[in-house]
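Reading through the structure tokens given below for one structure.
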């Protein structure tokens, strides 16, 4: 159980890191572009933002799967299974 709890924590941290590094920077480029940013730069930022969101979804689905497994073990231990 401790190893799975560490994996859960790691997935949360990975999701936060991806959000802070990819999402915030990408939104800045899209919403408030600099003078030297072209339309292609904004499109590329949107693509990177989409990929980052996909990775965040994968991390959070992994968290949900591990939480369900841990909950099943706790309930199974209470019932003596």
Check your understanding: Do we find a residue being surrounded by 12 or more Cβ atoms within 10 Å (Cβ to Cβ), modelled with pLDDT of 90 or more, under 13 Å from the mean Cα position of the chain (by Cα) and in a helix (DSSP H, G or I) anywhere in segment 32-45?
Key -> no
Exercise for review: Starting from segment 42-58, keep only residues that are in contact (Cβ under 8 Å) with a residue 40 or more places away in the chain, then list their pairs with residues that are surrounded by 15 or more Cβ atoms within 10 Å (Cβ to Cβ) and not in a helix (DSSP H, G or I) whose Cβ atoms are within a distance under 9 Å, requiring at least 6 positions of separation or different chains.
Suggested key: none
Practice item. State yes or no: is residue 60 at pLDDT below 90, within 11 Å of the chain's Cα centre (by Cα) and either exposed (fewer than 11 other Cβ atoms within 10 Å of the Cβ) or in a helix (DSSP H, G or I) (or both)? Key: no
**Study point:** Matching option when the condition is assigned to a helix (DSSP H, G or I) and within 20 Å of residue 9 (Cα to Cα), among 20, 50
**Key:** 20
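What's the total number of residues in segment 1-17 that are in a helix (DSSP H, G or I) and in contact (Cβ under 8 Å) with a residue 24 or more places away in the chain?
Total satisfying the criteria: 8.
The values are calculated or read from the model by the stated rules, or taken from the named source; none is laboratory data. Worth saying up front: this structure is predicted, and the values here are computed from it rather than measured. With ideal geometry, Cβ positions are generated from the backbone for all residues, glycine too; neighbour counts draw on all protein chains shown.
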